[in-house]
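Since the structure comes first, as structure tokens, the remarks are kept for the end.
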Amino acid sequence: MRNPEPGFLAKACDSVVGLPASVTASNHPPRILIIEDEALISVMIEEMVQDLGYRVSGIANTMAMAREEFAKRNYDAVLLDINIGGRYHAETADHLLGWGIPFAFVTGYDYLVDPRHEKIPVLQKPFEPAHLCALLEELVGPAVSAAEQVQVG
């Protein structure tokens, strides 16, 4: 169920996480690309991301779709399911690292990632909005600038 007030979680995010809001360079919410092969989960993540005040630049349910989304270069960070189509895609993480794109693994599995990816943040499914908020702030900063918070509040 969606929150009745737009930005409800975005306003609550700073108090939950304890991080101050700061003005982003563009004054626009960061754009998040979601790569998740389970359609229902991708929609749930999309709604959470939007409710936190971020924009969703795209959703990819397959690696072919992910490659198309990567080519658009219209995202600021990526939420990457560790296992797409029953396979761990280490090369995708390697490309994101090489491109300097902030990203995090999102997974319901208990196993560790490849040792070369051990410093990449991991969001364990299921997760609460506060966990996603903290992760997104770590990756790209707050969704709402201080000036925007004053206008909303």
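Structural remarks
- In segment 31-139, a dipole from Cβ-located charges (positive for Lys and Arg, negative for Asp and Glu) runs towards its positive end, and of Tyr88, Ile32, Phe70 it is Phe70 whose Cα lies farthest in that direction.
- Descending by average beta-carbon neighbour count within 10 Å, the peptides 118-126, 36-44 line up as 36-44, 118-126, the highest first.
- Look at Arg31, Arg73 and count the other Cβ atoms within 10 Å of each Cβ; fewest to most, that gives Arg73, Arg31.
- Available extension along the chain between Glu47 and Arg73 is 7.2 nm, counting 0.36 nm per residue and deducting the alpha carbon span.
- Loop chymotrypsin sites (Phe, Trp or Tyr not before Pro), segment 97-140, which have at most 14 other Cβ atoms in a 10 Å radius of their Cβ (DSSP): Tyr109, Tyr111
- Put simply, the amide H of Glu38, placed in the peptide plane, has no neighbours under 5 Å, leaving out anything fewer than 5 places away on its chain.
- Nonlocal amide H pairs with Val56, under 5 Å, H built at 1.01 Å: Ile32
Each reported figure results from applying straightforward, stated rules to the coordinates on display, with no laboratory input. Not measured: the values here are computed from a predicted model. We place every Cβ from the backbone using ideal geometry, glycine too, and count neighbours over all the protein chains shown.
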